[in-house]
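The values are calculated or read from the model by the stated rules, or taken from the named source; none is laboratory data. Only a predicted model underlies this, so the values are computations on that prediction, with no experimental measurement involved. Counting neighbours? That spans all protein chains shown, and the Cβs are built from the backbone with ideal geometry, glycine included.
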Amino acid sequence: MEHTKISLEQWRALVAVVEAGSYAAAAEAVNKSASTLNYAIDRIETLLGLELFHIEGRRAVLTASGRTLYRRAKALLDESGQLERLAGRLAAGEEAELRLAAEIIFPTWLLLECLDALSADFPNMRIQLHESVLGGTSELLTRGAVDLAIASSVPPGFVGDPLMRLRFIAAAAPHHPLHQLDRSLTLDDLRQHRHLVIRDSGSQPASSAAWEVSEKRWTVTSKATSIRAACMGLGFAWYAEDIIRQELDSGQLQPLPLEKGRERDATLYLVFADADGAGPGTRRLAELLQQQPRSRKM
């Protein structure tokens, strides 16, 4: 086996300095002295015969070689972390905690039923549930913050299995002005009224322009707030039909009679953060989710 010149700690120093933007900030982030980090970078440059940074004014900027090595070092550290987590799971036999991200459009009742069934097999397992929206789900996966995700898209570098197709309808309270027009509605009609939108939970929100039909928008962070506002007649929104089934059945909300595009579809995917390293609890939850009622599946 070939002996490596650079240690993981030295690569970790490089990644820390690049991501923090300075030696001082990196030192604080990784709880090491700036001189220790500086020495680690110097050793990498000396051992490899490459310049990682050059000075522009008062700033140290990555060279082309530095940028390449930074990207590969980050991937190496991520792989190392995955390997250690896998070893820990193998040693423990099962996870003490399962971290799950679920798009808020996934039916809550179904998610809770699956988690309840999981607890019968793993009664001592802790559950960390992240109820996420669009880009927030992908971020949790790419950051390694969750073990399993129910996502509306599969981020690059991951593989997802189609789990469920959801039907969306535009809805508003029966006393909302749109229902009082007593005719088929156009997008121009919708643009005259307030659109209730749920905020993307990611730090870099994905584009949702196709769903945002009005400049008159209220953007909220939870589906409960959006549904409550719609029931009060404060606006209209697109909802997964399963999510507002109770409000539809009780008459608190009614589908808007759109002339075109009355329904929209979205697909949810089941995505492992690390399929090879997934523990028995994570795998069991995936099985339970995939065994959901066939009428609601792809």
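Only one of the numbered conditions (1) over 30 Å from P257 (Cβ atoms); (2) in contact (Cβ under 8 Å) with a residue 12 or more places away in the chain is not met by L166, and that is (1).
Being free of Cβ contacts under 8 Å to residues at least 60 places away in the same chain and either surrounded by 13 or more Cβ atoms within 10 Å (Cβ to Cβ) or under 29 Å from L118 (Cβ atoms) (or both) holds for only one residue in L248, L234, L288, and it is L234. Going by what's in this entry, would D265 be described as among the acidic types (D, E) and part of a loop (DSSP other than H, G, I, E, B)? The answer is no for D265. Does the range 74-91 hold any residues that are within 24 Å of the chain's Cα centre (by Cα) and among the small types (G, A, S), and which are they? Within the range 74-91, A75, S80, G81 meet the criteria. Taking the criterion of being over 17 Å from Q180 (Cα atoms), part of a strand (DSSP E or B) and in contact with a helix residue (DSSP H, G or I) (Cβ under 8 Å, 6 or more places away or on another chain), the residues of the range 223-259 that qualify are W238, Y239.
Condition test on Q204, is it more than 30 Å from E94 (Cα to Cα), in a loop (DSSP other than H, G, I, E, B) and modelled with pLDDT of 95 or more? Answer is no for this residue.
Against the numbered list (1) touching a residue at least 24 places away in the same chain (Cβ under 8 Å); (2) closer than 22 Å to D274 by Cα; (3) in a helix (DSSP H, G or I); (4) not hydrophobic (A, V, I, L, M, F, W, C), R72 comes up short only at (1). Hey, could you check the range 266-285 for residues that are farther than 17 Å from L115 by Cα and touching a Phe, Trp or Tyr at 6+ places or on another chain (Cβ under 7 Å) and say which is modelled with the highest pLDDT? In this case the residue turns out to be L268. Criterion applied to E45, E19 was being of a type outside the set (S, T, N, Q) and modelled with pLDDT under 90, and the one residue passing it is E19. Might you let me know whether the range 56-70 holds any residue that is under 30 Å from the mean Cα position of the chain (by Cα), modelled with pLDDT under 90 and closer than 30 Å to G136 by Cα? No, that holds for no residue.
Residue count for the range 179-191 satisfying the condition of being out of contact with any strand residue (DSSP E or B) (no Cβ under 9 Å at 6 or more places or on another chain) and within 26 Å of V133 (Cβ to Cβ): 1.
Anything in the range 180-200 that is touching a helix residue (DSSP H, G or I) at 6+ places or on another chain (Cβ under 7 Å) and outside any loop (DSSP other than H, G, I, E, B)? List them, or say none. Within the range 180-200, L185, D189, L196, I198 qualify. Among the residues of the range 114-146, the ones that are among the acidic types (D, E) and either part of a strand (DSSP E or B) or at pLDDT 95 or above (or both) come to 2 in all. For the range 34-57, taking the residues that are touching a residue at least 12 places away in the same chain (Cβ under 8 Å) and charged (D, E, K, R), the one that is nearest to K5 (Cα to Cα) is identified as R43. Checked against the criterion of being within 9 Å of the chain's Cα centre (by Cα) and closer than 21 Å to Q82 by Cβ, the range 124-133 has at least one qualifying residue. Might you let me know whether the range 38-61 holds any residue that is aliphatic (A, V, I, L, M), within 28 Å of G277 (Cβ to Cβ), part of a helix (DSSP H, G or I) and outside the structural domain of L141 (by TED's automatic domain parsing)? No, there is no match, as no residue in the range 38-61 is aliphatic (A, V, I, L, M), within 28 Å of G277 (Cβ to Cβ), part of a helix (DSSP H, G or I) and outside the structural domain of L141 (by TED's automatic domain parsing).
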